[in-house]
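The values are calculated or read from the model by the stated rules, or taken from the named source; none is laboratory data. It should be emphasised that the depicted structure is a prediction, and the values quoted were computed from it without experimental measurement. All Cβ positions, even for glycine, are placed from backbone atoms using ideal geometry, and neighbour counts span all protein chains on display.
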Amino acid sequence: MKKGILLILLSISTILLVSCSSNPFTAPAGTEIVESDTISFTYYNGVNSEKLFEYTFSNEYFYFIGPLGINYSFTTINNYLEISDEFIAFLEYYEGNIVYDKYLNDSYGDELKLSLGATDGNYNLSKISIDNNIYDVDAYISIENGLKIIFSYTQFYHDEQLIIVPYHLAIIAYDIHELYLKEYLPADNDYVSEKAILTKYITHIIPLPSKVGFLSSFHNNDDLKDLGYYSRIIIDNTSNVPHIEEVCSDTNTENCFEKQYSILEGIIYNMHLNSVITFYQDNYNGRYIEEDFIFTINNENYKIVLISGVLQIDYSDQAGTTEDIVNFEITKYDD
């Protein structure tokens, strides 16, 4: 179950150790090959865009972007020693904010074929011996501004030197939606035949511990048509004539509505409830206001409800295991 959630978050499969293409620089379908020294993430909240993450390597490397623009797939056409050093430095930079999943992989044998730097039509592969074991690793990285990075790679030692072969890096923003506009539409409007309301949203990034699965209650049974992440059409059961409403600025404003937010809920893996509380206390001014546990990011307060639990994981070929989890529900908090 946990790996399945990870695959959903990453969205796409990536290039592994050996490519099938005769041209090392051919990008897989749905991706674009780039040569750059930078990986970055620009967050669009429905109204404005802001670059919230950027990491610069010491040299330029080839990687694939796509299909969503937040997924970086690293091809083995780069010089394996150079890019290994880059990602060892990357992990050291974020050490202290990383949770690792490490899986022994005995399918490679005692050597790998890695590139010394591809040229046109030639991968320039070299056989690299493995000192002992080889591991597939998922590194879950928490960024202070609430972003999450999931970095997947293979790790082994060659002649007592640590080697990292990067595969995939995804940058993820978990967020809550804030409704800021309602446009009441007549029947037979530009979207649907029914009388409806066009609703528009901005989003706010919500920080979460490293390993999560989540379900946002953004949509409900009144939805008629999803117009994308920042707007949707819902049924209009009122008698209102066509007009536009915004958030009320004071109690005397007419044709307005009180602030409305979605709910973010899901599961935090491999953590006890007290550890989750400590995460918010140490990083986001987590504190109790009477019986409510509140945290703050970007000068906005949120209430989080936490419930301890245990997840049973069953395998087809081995005994099942249990895992500590914490169920969470996050809502906007207004004093």
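Some values worked out for this structure:
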| quantity | calculated |
| --- | --- |
| The range 245-292, residues that are of a type in the set (Gly, Ala, Ser), surrounded by 17 or more Cβ atoms within 10 Å (Cβ to Cβ) and not in a loop (DSSP other than H, G, I, E, B) | 266 |
| Residue check for residue 73: of a type in the set (Ser, Thr, Tyr) and under 18 Å from the mean Cα position of the chain (by Cα) | yes |
| The range 158-213, subset without any contact (Cβ under 8 Å) to a residue 24 or more places away in the chain and of a type in the set (Asp, Glu), residue nearest to residue 43 (Cα to Cα) | 190 |
| Restricting the range 175-192 to residues that are outside any loop (DSSP other than H, G, I, E, B) and charged (D, E, K, R), the residue that is nearest to residue 246 (Cα to Cα) | 182 |
| Residue in the range 241-252 that is in the same structural domain as residue 182 (by TED's automatic domain parsing), within 22 Å of residue 196 (Cβ to Cβ) and modelled with pLDDT under 90 present | no |
| Residue identified as within 25 Å of residue 280 (Cα to Cα), hydroxyl-bearing (Ser, Thr, Tyr) and not assigned by TED's automatic domain parsing to the domain that holds residue 255 among 153, 140 | 140 |
| Any pair with Cβ under 6 angstrom, 6 or more apart, that starts in the range 87-104 at a residue that is at pLDDT 95 or above and ends at one that is assigned to a helix (DSSP H, G or I) and not acidic (Asp, Glu) | none |
| The range 6-54, subset among the charged types (D, E, K, R) and at pLDDT 95 or above, residue nearest to residue 114 (Cα to Cα) | 35 |
